[in-house]
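The values are calculated or read from the model by the stated rules, or taken from the named source; none is laboratory data. Quick caveat: nothing in here was measured; it's all calculated off a predicted structure. Counting neighbours? That spans all protein chains shown, and the Cβs are built from the backbone with ideal geometry, glycine included. Note: accessible area is taken over every heavy atom of the protein model, side chains too, but ligands, DNA and RNA are not part of it. Shrake-Rupley method; radii C 1.70, N 1.55, O 1.52, S 1.80 Å.
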Amino acid sequence: MPDSAADQAASEALRANIDHKLLCQVATEPSVASKAEFYHALAQVAREQLAKRWVETQHADRQSQARRVYYLSMEFLIGRAMNNALSALDLRDQAALVFTPPGPSIDEVMECEPDAALGNGGLGRLAACFLDSMATLGLPSWGYGVRYEYGMFAQSIVNGQQVEKPEPWVQDRSPWEFQRASKHFTVHFGGTAEHHGEWAEWHAADAVEAKAFDHVIPGHGTERVSTLRLWKAAAPSEIDLGAFNTGDYQRAAELKNRFENISWVLYPNDSTSAGRELRLRQEYFFVSASMQDILDRHFTEYGSFDNLADKIAIHLNDTHPAIGVAELMRLLVDEHQMSWKDAWEQCRRIFSYTNHTLMPEALETWKVTLIQRVLPRHMLIIYRINQEFLDEVVRLYPGDIDLMRRVSLIDDGNGHEKDKRVRMAHLSIVGSHRINGVSQLHSDLMVQTIFADFARLYPERFHNKTNGVTPRRWLAQANPDLSSLLDERIGKDWRLDLDRLQGLRESADDRAFGASFAAAKRSNKLRLANYVSREVGINLDPDSLFDVQVKRIHEYKRQLLNVLHVITRYNALLDGTAVGCAPRSVIFAGKAASSYHMAKQVIRLINDVAAVVNNDPRTRDMLQVVFIPNYGVSVAELIMPAANLSEQISTAGTEASGTGNMKLSLNGALTIGTEDGANIEIRDQVGAENIFIFGNNTAQVAAIRAAGYQPGDLYRDNPALQEALDKIDAGFFSPGERSRYHDVFNSLVHYGDHYLLLADYADYVAAQERVDTLYLTPAEWQRKAILNVAGMGPFSADRTIRAYADDTWNLKTLTNT
Ligand code: 26W
């Protein structure tokens, strides 16, 4: 805590500024202001300074004429902005001094802010971490996305089941956004396209207005910022007025809805492509507005498009913005009279693409008939791109018809016209000069499996960029206790240079440091326990091992395997065979897609198991289970610092990278995990002896499947497994409805156990026993936890973004002058 005279003076100045904002912006005064009103006043203080930084950054970028990167993403999972903004503006400590009793604390004020949950999970949160790093590294950079009125749904648990409620995160207006009244573009849909040689005229049927709302993303240790520009859909004003003027209010309202629904709600699905028309409209809507804005800015600055590719890089965050390849071609050829050949050359130097999943159901394809109807000109462009691409393939591999069919941008639907589909991943690859996966394993599998043909055609395009997380939000802000301890040991520079954490290695055996490290962890556990007690009504023992699995609920992530272990442990405690056990609190959190039945069953089962286990006086001291509702960025900020054990147990080869694994380890949790995604690289950094790796690896998973996997045999041969599964099947945890989990049981034992839970069960349970043994030797546990933190340097998003800037975007870093 700062208490010098200078700090006091600064906090007095801040207090005066807040009081002023309370008066002028909120029209109240400190003695009667509510927490929410204090929040708004404080946000206004930050807003003003962010605005200044934004203007200066734009000025510097224009002056330097440096290349910019535009990061296109359907999702940005920002969370709250206040703590991050105050830290970046160096106001955080002063704000803590301003908000003291009898008034609200700074934490209470910050909790008034709703999360901006404009994303589903990993992909959206990664985009938010990347913006933080781009700003911090001084890259001329913009994020572009959709200003959803309703973000990720709010989850509550009613009778053990997930209930989804809409989440209107900007009730009226957010203090963090700047509406740019002068920035609006028209986006067209439907109609017909008429060819005139190389270019075409698009006679669109509909038009919608895209209005710009900016979020200033502050850099840390720099005055530079990045911009997140989000588009809101609105009816074009002439249509609105026309109907109103004739007194037809109902029609005016209907029209307004029809247009504005484009940016109403985020699709709450990760890992399955919805294939719905509204989703395609959302994708094109934000991509078209972004491209027009980008070209507008470029032309204003350079008066020509000849140097476009020298000055801009556009990144596709998965295939969701892939229609941008066709849109850039349309704008350059049809609207700006560039030749097809020149436009395509530029295009290919401009775009790059990241793949985030190998799951076949997540790979986006769109019916040709749908694209023809909604975006007729783009369909023609895609056909031409495909034609030229396939001509190239024929030149390289003459006569290989099968190869052509496999790599074509169009899936020919086995000759059925109505089943033809556009493969968005293929469009992204053909239109990009660099393509990457998000961990070494994922990138390797990508070129060996789904993109093998393309890797043969264009080997130089494929590479790896292992994900990272921002240490500002996920350590400095989320875990102040551990942060101050690190500051004392290794200095404060780790915030901007995470490799400094290596300096902790020499403290791993220092008993006194270990004790302070453990004390910080315990206070974070207490903080979480208080939250759980308030929100869920379960009192966790802060000395028990906090065993945490937090992420989207999905079969491949195998929350069910974790449940099987919980039941096994419960059974062992009951029959007295549990020797050498440590008291545990098993903590789950995560959302299930609303249409994903099996994922919802898993949530219900967790809650049913929790109800039985937590109410059993025979085991209560040794085992507790809790499902924390409404997992999101802010809940994660509470959970990550409090975890002892990080569950990363996906079937090998299915989790592209994971980023929660990095956040947990960075906060001193040990990982129990499979050889999947970034777990492998985490092991390489922290040392195999400081992580619990178990189960079949990718090659073994493939071999098991090839040999004809028989989960029923494993069930029969393992009594502990059988007992756990039988209890689920017999309704032991659902006495009011005994058949509730038949489908869960069947999916594992009789219907093939697609994600091989039973194949990894025995090894998982054995690894969990090793976890207990270690936890019962606290000094050893502490040592390994410290070594985990020490090894996390490479998992800073700064490292990832520097690598993208160097080998994908070809960008230089800048400082404001
Ligand atoms: C079209 C529906 C849809 C929506 C989102 C399909 C697929 C997605 C994402 C690609 C799913 C996702 O979030 N993938 C996660 O990306 C993270 C960041 O790279 C990785 O760390 C996770 O392993 C990966 O599951």
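Brief remarks on what is shown
- Of the residues screened, residue 435 is not one that is closer than 14 Å to residue 353 by Cβ, touching a residue at least 12 places away in the same chain (Cβ under 8 Å), surrounded by fewer than 20 Cβ atoms within 10 Å (Cβ to Cβ) and within 16 Å of the ligand (Cβ to nearest atom).
- Condition check for residue 243: in a helix (DSSP H, G or I), modelled with pLDDT under 95, more than 14 Å from the ligand (Cβ to nearest atom) and surrounded by 17 or more Cβ atoms within 10 Å (Cβ to Cβ): yes
- Options 440, 477: the member that is under 21 Å from the mean Cα position of the chain (by Cα), away from the ligand (no atom under 16 Å from the Cβ) and surrounded by 17 or more Cβ atoms within 10 Å (Cβ to Cβ): 477
- Condition check for residue 373: in a helix (DSSP H, G or I) and either farther than 30 Å from residue 124 by Cα or at pLDDT below 95 (or both): no
- Any hit, region 362-369, residues being surrounded by fewer than 24 Cβ atoms within 10 Å (Cβ to Cβ), more than 14 Å from residue 409 (Cβ to Cβ) and within 15 Å of the ligand (Cβ to nearest atom): yes
- Within region 194-233, being over 30 Å from residue 139 (Cα atoms) and open to solvent by less than 30 Å² (accessible area, probe 1.4 Å) holds for 200, 207, 208.
- Out of 456, 421, sole residue that is within 31 Å of the chain's Cα centre (by Cα) and away from the ligand (no atom under 16 Å from the Cβ): 456
- Failed condition for residue 704, given (1) touching a residue at least 40 places away in the same chain (Cβ under 8 Å); (2) crowded, with 18+ Cβ neighbours inside 10 Å; (3) not in a loop (DSSP other than H, G, I, E, B): (2)
- Test: residue in region 299-311 that is within 21 Å of the chain's Cα centre (by Cα) and within 22 Å of residue 68 (Cβ to Cβ): no
- Filter result (among the polar types (S, T, N, Q) and either on the phi > 0 side of the Ramachandran plot or assigned to a loop (DSSP other than H, G, I, E, B) (or both)) within region 58-89: 65, 73
- If the condition is being closer than 26 Å to residue 82 by Cα, in a helix (DSSP H, G or I) and free of Cβ contacts under 8 Å to residues at least 24 places away in the same chain, then region 487-504 contributes 487, 488, 493, 494.
- In region 303-328, residue surrounded by the most Cβ atoms within 10 Å (Cβ to Cβ) [restricted to those that are touching a Lys or Arg at 6+ places or on another chain (Cβ under 7 Å) and not charged (D, E, K, R)]: 313
- Test result for residue 33, out of contact with any strand residue (DSSP E or B) (no Cβ under 7 Å at 6 or more places or on another chain) and assigned to a helix (DSSP H, G or I): no
- Spans of helices (runs of 4 or more DSSP H) in region 277-359 with at least 1 residues within 16 Å of the ligand (Cβ to nearest atom): 277-302, 323-330
- Helices (runs of 4 or more DSSP H) fully within region 709-817 counting 1 or more residues that are among the hydroxyl-bearing types (Ser, Thr, Tyr): 711-717, 742-749, 757-775, 797-804
- Region 375-391, subset of a type in the set (Val, Ile, Thr) and either open to solvent by 10 Å² or more (accessible area, probe 1.4 Å) or touching a helix residue (DSSP H, G or I) at 6+ places or on another chain (Cβ under 6 Å) (or both), residue farthest from residue 454 (Cα to Cα): 381
- Tabulated pairs, region 715-731, first in contact (Cβ under 8 Å) with a residue 24 or more places away in the chain, second outside any helix (DSSP H, G or I) and hydroxyl-bearing (Ser, Thr, Tyr), C-beta under 8 angstrom, 6+ apart or interchain: 728/741
Matching residues to (1) surrounded by 15 or more Cβ atoms within 10 Å (Cβ to Cβ); (2) in contact with an Asp or Glu (Cβ under 9 Å, 6 or more places away or on another chain):
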| residue | (1), (2) |
| --- | --- |
| 22 | yes, yes |
| 50 | yes, no |
| 56 | yes, yes |
| 61 | yes, no |
| 65 | no, yes |
| 69 | yes, no |
| 77 | yes, yes |
| 80 | yes, yes |
| 84 | yes, yes |
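- Candidates 788, 816, 718, filtered to the one that is surrounded by 14 or more Cβ atoms within 10 Å (Cβ to Cβ) and modelled with pLDDT under 95: 816
- There is no residue in region 2-23 that is away from the ligand (no atom under 16 Å from the Cβ), part of a strand (DSSP E or B) and farther than 24 Å from residue 109 by Cα.
- Counted as qualifying within region 90-176 are the strands (runs of 3 or more DSSP E) with 3 or more residues that are open to solvent by 10 Å² or more (accessible area, probe 1.4 Å) and more than 16 Å from the ligand (Cβ to nearest atom), namely 154-158, 161-165.
- If you go through region 530-549 and keep only what is open to solvent by 10 Å² or more (accessible area, probe 1.4 Å) and not in a loop (DSSP other than H, G, I, E, B), you end up with 530, 531, 533, 534, 535, 536.
- Leading residue by the ranking (farthest from the ligand (Cβ to nearest atom)) among those in region 261-276 that are open to solvent by 50 Å² or more (accessible area, probe 1.4 Å) and closer than 23 Å to residue 122 by Cβ: 265
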